[in-house]
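Take a look at the structure set out below.
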Amino acid sequence: MQNEPRYKPLAGSDFFADQRSARPQVEGTVARGHLRIDEARYAGKIDGEDIEQFPIPIAKADIERGETRFNIYCTPCHGRLGDGNGMVVLRGFRQPPSFYSDRLRNAPVGHFFDVVSNGFGSMASYASRIQSDDRWRLIAYIRALQLSESASINDVPQDQRQNLAVEPPPRTAGISGVPAGPQGANQ
């Protein structure tokens, strides 16, 4: 085992008649996990048209996973709020569109999948960096951001409204971090 024969990738070989050490794949085989027959799931389209509904089930955990992917891959350009004011914009790069524009709020989810997968304008493709199902989760988080920006109490089902947390507005702090007001104003 100490002197086990091996080949460097694409090095010549005397063993095979064609003198190549790298063997071609057997025709008709597909690597495990790479059979992509669900067009909606892996392309975001059916018969060339963007799909309107998510092709995978989306739960709270999926949206949370989408948030982590969004924070990693999207916030440098789109910002943490999705408003297009990311760090690269502050450094002079082109501003991406806000997810809150009417055009993107009304765009089908398949459009977002296509853009993330193939790139658009100055945005590069993220297909090699983000797995297909994670791209759907990321898009679900974008939809959650869009909904949160324009949601009202009427969007919450009547039986769920009692579960909403009612919090007072945040107190404004003074320069030193002491709450502003009569107690902290003269200190």
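The values are calculated or read from the model by the stated rules, or taken from the named source; none is laboratory data. Remember, predicted model here, so these are calculated numbers, not experimental data. Methodologically, a virtual Cβ is constructed for each residue, glycine included, from the backbone with ideal geometry; neighbour enumeration extends over all protein chains shown. The area values use the complete protein model at the heavy-atom level, side chains included, leaving out ligands, DNA and RNA. Shrake-Rupley method; radii C 1.70, N 1.55, O 1.52, S 1.80 Å.
Inside segment 124-180, can you point out the residues that are among the hydrophobic types (A, V, I, L, M, F, W, C), at pLDDT below 85 and surrounded by 10 or more Cβ atoms within 10 Å (Cβ to Cβ)?
At the first step, the residues of segment 124-180 found to be among the hydrophobic types (A, V, I, L, M, F, W, C) are 124, 127, 130, 136, 138-140, 142, 144-145, 147, 151, 153, 156, 164-166, 173, 175, 178, 180.
Next, only the ones that are at pLDDT below 85 stay: 151, 153, 156, 164-166, 173, 175, 178, 180.
If the condition is that a residue be among the hydrophobic types (A, V, I, L, M, F, W, C), at pLDDT below 85 and surrounded by 10 or more Cβ atoms within 10 Å (Cβ to Cβ), then Ala151, Val156, Ala173, Val178, Ala180 are the ones that fit.
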- Quick check: anything in segment 34-41 touching a residue at least 12 places away in the same chain (Cβ under 8 Å), surrounded by 11 or more Cβ atoms within 10 Å (Cβ to Cβ), assigned to a loop (DSSP other than H, G, I, E, B) and out of contact with any helix residue (DSSP H, G or I) (no Cβ under 9 Å at 6 or more places or on another chain)? yes
- Please name all residue pairs, on different chains or six or more residues apart, with Cβ atoms under 9 Å, provided the first residue is in segment 147-164 and is farther than 25 Å from Gly82 by Cβ and the second residue is open to solvent by less than 70 Å² (accessible area, probe 1.4 Å). Asn163/Val156
- (1) part of a loop (DSSP other than H, G, I, E, B); (2) closer than 18 Å to Gln146 by Cα: which one isn't true of Glu64, the others all being true? (1)
- Message: Take the conditions farther than 26 Å from Ser122 by Cα, of a type in the set (Val, Ile, Thr) and either open to solvent by 40 Å² or more (accessible area, probe 1.4 Å) or in contact with a Cys (Cβ under 9 Å, 6 or more places away or on another chain) (or both) and apply them to Thr29. Does it pass?
- Response: yes
- Message: Of all residues being under 21 Å from Pro97 (Cα atoms) and aromatic (Phe, Trp, Tyr) in segment 42-77, which is surrounded by the fewest Cβ atoms within 10 Å (Cβ to Cβ)? Just the residue, please.
- Response: Tyr73
- Cβ pairs under 7 Å, 6+ apart or interchain, first in segment 56-81 and closer than 19 Å to Met123 by Cα, second acidic (Asp, Glu), ordered by first then second residue, are Arg69/Asp134
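Answer yes if at least one residue in segment 6-21 is open to solvent by less than 80 Å² (accessible area, probe 1.4 Å) and of a type in the set (S, T, N, Q), and no otherwise.
Yes, because at least one residue in segment 6-21 is open to solvent by less than 80 Å² (accessible area, probe 1.4 Å) and of a type in the set (S, T, N, Q).
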- Item | Conditions (1) open to solvent by less than 40 Å² (accessible area, probe 1.4 Å); (2) in contact with a strand residue (DSSP E or B) (Cβ under 7 Å, 6 or more places away or on another chain); number of the one not met by His111 | (1)
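Can you say whether Arg69 is under 15 Å from Trp136 (Cα atoms) and not in a loop (DSSP other than H, G, I, E, B), as far as the supplied structure shows? Give the derivation first.
Working: under 15 Å from Trp136 (Cα atoms): yes; not in a loop (DSSP other than H, G, I, E, B): yes.
The answer is yes for Arg69.
Being open to solvent by less than 60 Å² (accessible area, probe 1.4 Å) and not in a loop (DSSP other than H, G, I, E, B) is the filter here; which residues of segment 78-97 pass it? Give the steps one after another, and end with the answer.
Kept after step one, since they are open to solvent by less than 60 Å² (accessible area, probe 1.4 Å), are these residues of segment 78-97: 78-79, 82-84, 86, 88-89, 96.
Residues satisfying the conditions are His78, Val88, Val89.
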